[in-house]
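Peer 1: Dumping the structure here so I can ask a few things about it.
The values are calculated or read from the model by the stated rules, or taken from the named source; none is laboratory data. None of the values given here were measured: they were computed from a predicted structure. Cβ: placed from backbone, ideal geometry, glycine included. Neighbour counts: every protein chain shown.
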Amino acid sequence: MNFLRRKVINRKGLLVLGILCILALSFIVYQLDIDWEELVREHGFVGIFILMLVTSMTILFPLPGWAVLVAAPVIMGLSGGGIFWLAVVATTGATLGEATGYLAGYWGRVMIPEKHRKNYEKIQRLMRSYGSKGIFIVAMMPFPFDLVGIASGVLRFPLWKFLVYSWPGRMIRTIVLVHLGWGIFEILEKVF
């Protein structure tokens with residue numbers, strides 16, 4: 001049995017298999033034709049959690065998580081405290097979804113597309129200089145956060161630290177986006 005384990009199931013094989021699974025899952029999620037508006041309307045906070053989880057699971061494929069956040073308060077008819085809880089649920093789903101980028105980086109260096117290479121190198125320098133605080137800072141920005149997850153995995157930050165420092169940064173970004181959507185709707189409603 002040990003011979004089989006050493007020869008057939010080695011660490012490199014598992015790393016390659018893990019990376020391929022993450023990339024395949026990202027591609028499948030990217031190709032899904034999700035009617036996100038209907039999902040939010042029918043399932044409310046659960047729908048938001050699922051959408052943010054799915055849009056954050058994709059690695060370097062653009063899915064409109066920010067568009068969901070801007071439109072959700074209007075679709076759900078939320079205001080005040082409801083908007084806060086929307087941000088909490090959305091942030092939690094998005095942060096958990098970002099673990100796929102972290103795992104891709106942890107399991108092996110992922111090929112970063114040329115158009116993202118400069119940003120990835122900047123993020124690695126930022127994280128080497130500021131550590132976990134760098135994760136928090138970049139989480140607030142409208143930036144391909146997948147690169148932060150990949151860099152965190154490559155640099156072997158503990159997963160729990162990555163998630164703990166990502167969440168508050170993503171929460172600030174989410175609060176801004178949901179209030180932006182709600183504010184735009186309020187202005188348009190008064191004008192028209």
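Peer 1: Any residue that is surrounded by fewer than 23 Cβ atoms within 10 Å (Cβ to Cβ), over 22 Å from Ala87 (Cβ atoms) and of a type in the set (Val, Ile, Thr) - is there at least one of those in region 149-162?
Peer 2: yes
Peer 1: Sticking with this one: Specify which of the listed residues (Ile59, Ile28, Ile50, Ile19) is outside any loop (DSSP other than H, G, I, E, B), modelled with pLDDT under 80, among the β-branched types (Val, Ile, Thr) and touching a Gly at 6+ places or on another chain (Cβ under 9 Å). So that I can check it myself, show each step before the final result.
Peer 2: On the way: Ile59 fails: outside any loop (DSSP other than H, G, I, E, B); Ile28 fails: touching a Gly at 6+ places or on another chain (Cβ under 9 Å); Ile50 fails: modelled with pLDDT under 80.
On inspection, the qualifying residue turns out to be Ile19.
Peer 1: Here's something else I'd like to know. I need the helices (runs of 4 or more DSSP H) fully contained in region 77-192, keeping only those with at least 2 residues that are within 17 Å of Thr55 (Cβ to Cβ).
Peer 2: Working: elements: 81-97, 99-107, 114-130, 132-139, 146-154, 159-191.
Because the criterion is at least 2 residues that are within 17 Å of Thr55 (Cβ to Cβ), the helices (runs of 4 or more DSSP H) in region 77-192 that meet it are 81-97, 99-107, 146-154, 159-191.
Peer 1: Somewhere in region 176-183, is a residue over 13 Å from the mean Cα position of the chain (by Cα), hydrophobic (A, V, I, L, M, F, W, C) and farther than 30 Å from His43 by Cβ? Steps first, answer last, please.
Peer 2: To start, the set of residues in region 176-183 that are over 13 Å from the mean Cα position of the chain (by Cα) comprises 176-183.
Those still in the list that are hydrophobic (A, V, I, L, M, F, W, C) too: 176-178, 180, 182.
Still in the running and farther than 30 Å from His43 by Cβ: none.
Looking through region 176-183, none of the residues is over 13 Å from the mean Cα position of the chain (by Cα), hydrophobic (A, V, I, L, M, F, W, C) and farther than 30 Å from His43 by Cβ.
Peer 1: Follow-up. Residue by residue through region 95-122, note down the ones that are at pLDDT below 85 and of a type in the set (A, V, I, L, M, F, W, C).
Peer 2: Leu103, Ala104, Trp107, Val110, Met111, Ile112
Peer 1: Can you pull out every residue in region 138-169 that is more than 18 Å from Asn119 (Cβ to Cβ) and of a type outside the set (A, V, I, L, M, F, W, C)?
Peer 2: Arg156, Pro158, Lys161, Tyr165, Pro168
Yes/no matrix, rows are residues, columns are (1) out of contact with any strand residue (DSSP E or B) (no Cβ under 8 Å at 6 or more places or on another chain); (2) surrounded by fewer than 16 Cβ atoms within 10 Å (Cβ to Cβ); (3) among the charged types (D, E, K, R):
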{"position": "Tyr106", "(1), (2), (3)": "yes, no, no"}
{"position": "Glu114", "(1), (2), (3)": "yes, yes, yes"}
{"position": "Tyr120", "(1), (2), (3)": "yes, no, no"}
{"position": "Phe143", "(1), (2), (3)": "yes, yes, no"}
